[in-house]
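Asks: Below is one structure. I have some questions about it.
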Amino acid sequence: MKTYLITGGAGFIGSTLADKLLEMGNKVVVIDNFCDFYDPKYKEKNIKESLKNKNYFLYRVDIRNYLELEKVFKENNIDCIVHLAAMAGVRPSIENPILYQEVNGLGTQNILEMAKKYAIKNLVMASSSSVYGNCDKVPFKEDFIVDYAISPYAATKKSNEVMAHVYHKLFNMNIIMLRFFTVYGPKQRPDLAINKFTRLMLEDKEIPMYGDGSTSRDYTYVDDIVDGIIKSTEYVFNNDNVYEIINIGNSTPISLKEMIDIIGEVLGVTPKIEQLPMQPGDVERTYADISKAKKLLNYAPKTSFKEGIKKFVEWHLKQK
């Protein structure tokens, strides 16, 4: 049995990961501050079953609070940190960049400081496909220069990669930074497009479509993301002197219009479209080159977009 600390562990990806690690027989320690970025009741629901597991331990702590964080590390002998906690979203980061810098910058450095102080050598940390901005070349490869962020959110994720490398070099930590590509599936945050569009279609309301529908995203099903995270933890446990940046995606971009049409098809409805201008900070496309993930982690996404939408819709209807 290993002990995993998951920051942001009551959220969409974090709670799905926690469930899987518990199922595998591990101890899971979760940090989450249950902030009101979206209704905290969704997070409470995410962890309801996990709380019944004797190997699950929840701390309602903000990663910006160094003293509260230290209590978690003192009370648990942690083998691996999976750092997912962050303020998410491109558009909200433009409205409140200082908050994003505090949580994603200071909060992440607090986690790295705790890892240093308590001699935790193995970390897997969430970066984002947003760091690629509007790269001209596709698919996006990890060795592309990504110094030209177009949102505060993307800038904080890029800076986290740089700071993590500092701790790797100075303190001999094994760190993998995972650039996630648009995650969807059961438990998805209510503010994200697939969840939002599904609700609107079921209510026979208009779908806000920014631009002409040609923008595309490399949608990646949450179980494939979790598989990539777990394979990354295994990699840091089994290798020394690790610092890697790795794309975790599906490598199959889907246009906005195609996404809307597939949701409509699965729901058996004809979407009503409200066409709106492109939003500041939005990128034209994301498209992951996952050859490095395949080579190092034996990562292989299994869920097609349509299959994933069917699973999401089935879960969503059960919630209703």
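Asks: Taking +1 at the Cβ of each Lys and Arg and -1 at the Cβ of each Asp and Glu, which of 166, 47, 139 sits farthest along the dipole of the chain towards its positive end, judged by Cα position relative to the Cα centre?
Replies: The listed residue farthest towards the positive side: 47.
Asks: Ok, one more. Only helical DSSP H runs with n ≥ 4 go in: add -39500 (n - 2.57) per run for the chain, normalise by residue count and round the 222 nm mean residue ellipticity to 500 deg cm²/dmol.
Replies: Values: 12 runs with 131 residues, N = 320.
It lands at -12500 deg cm²/dmol.
Asks: Set the Förster radius R0 to 45 Å, insert the Cβ-Cβ distance between residue 71 and residue 306 as r into 1/(1 + (r/R0)^6), and round the FRET efficiency to 0.05.
Replies: On the way: r = 45 Å, r/R0 = 1.01.
So the FRET efficiency works out to roughly 0.50.
Asks: Further question: Quick one: length gained pulling residue 95 to residue 141 fully straight, 0.36 nm per residue minus the C-alpha distance? If you can, show how the numbers build up before the last one.
Replies: Working: separation 46, 0.36 × 46 = 16.56 nm, distance 2.93 nm.
Here the segment from residue 95 to residue 141 would lengthen by 13.6 nm.
Asks: Separate question: Strictly greater than 21 Å: what percent of every Cα pair in region 152-242 meets that?
Replies: Numbers: 2166 of 4095 pairs.
It works out to 53 percent of all Cα pairs.
Asks: When only Cα pairs under 8 Å and 6 or more residues apart are kept, what is the percent relative contact order across the chain?
Replies: Numbers: 597 pairs, mean separation 57.7, N = 320.
Rounded, it is 18 percent for the chain.
Asks: Please identify every one of the trypsin sites (Lys or Arg not before Pro) in region 127-182 that sits in a loop by DSSP and has no more than 11 other beta carbons within 10 Å of its own beta carbon.
Replies: Numbers: sites: 137, 141, 157, 158, 169, 179; in loops: 137, 141.
The qualifying sites are 137.
Asks: Loop-only trypsin sites (Lys or Arg not before Pro) in region 228-306, please: DSSP not H, G, I, E or B, and at most 14 other Cβ atoms within 10 Å.
Replies: Details: sites: 231, 257, 272, 285, 292, 294, 295, 302, 306; in loops: 302.
Sparse-neighbourhood loop trypsin sites (Lys or Arg not before Pro): 302.
Asks: Would you mind giving the three semi-axes, in whole Å and largest first, of the ellipsoid equivalent to region 225-320 according to its Cα gyration tensor? Present the calculation step by step, with values, prior to reporting the outcome.
Replies: Details: eigenvalues 213, 67, 25 Å².
Sorted largest first and rounded, they come to 33, 18, 11 Å.
Asks: If you don't mind, there's one more thing I want to ask. Run the numbers for residue 52 and residue 275: contour at 0.36 nm per residue of separation, minus the present Cα-Cα distance, in nm. Don't skip to the answer; put the middle values down first.
Replies: Working: separation 223, 0.36 × 223 = 80.28 nm, distance 4.55 nm.
Separation in residues times 0.36 nm, less the Cα-Cα distance, equals 75.7 nm.
Asks: For 183, 313, 162, 124, which order do you get if you count the other beta carbons within 10 Å of each Cβ and list the fewest first? Mind showing how you got there, number by number?
Replies: Details: 183 24, 313 18, 162 9, 124 28.
By the 10 Å Cβ count, ascending: 162, 313, 183, 124.
Asks: Please identify the GluC sites (Glu not before Pro) of region 12-109 that satisfy two criteria: DSSP loop assignment and at most 14 other Cβ atoms within 10 Å. Which are they? Mind dumping the intermediate values first?
Replies: Values: sites: 23, 44, 49, 68, 70, 75, 95, 102; in loops: 49.
Taking region 12-109 and a limit of 14 other Cβ atoms within 10 Å, the loop GluC sites (Glu not before Pro) found are 49.
Asks: How long are the semi-axes of the equivalent ellipsoid of region 40-148, defined as square roots of 5 times the Cα gyration tensor eigenvalues? Whole Å, largest first.
Replies: On the way: eigenvalues 165, 66, 49 Å².
Each semi-axis is the square root of five times an eigenvalue, giving 29, 18, 16 Å.
None of the figures in this text is laboratory data; all of them are computed from the coordinates on show. Just so you know, these numbers come straight off a predicted model, no measurement behind them. Cβ sites come from the backbone with ideal geometry, for glycine too, and all protein chains shown count toward neighbours.
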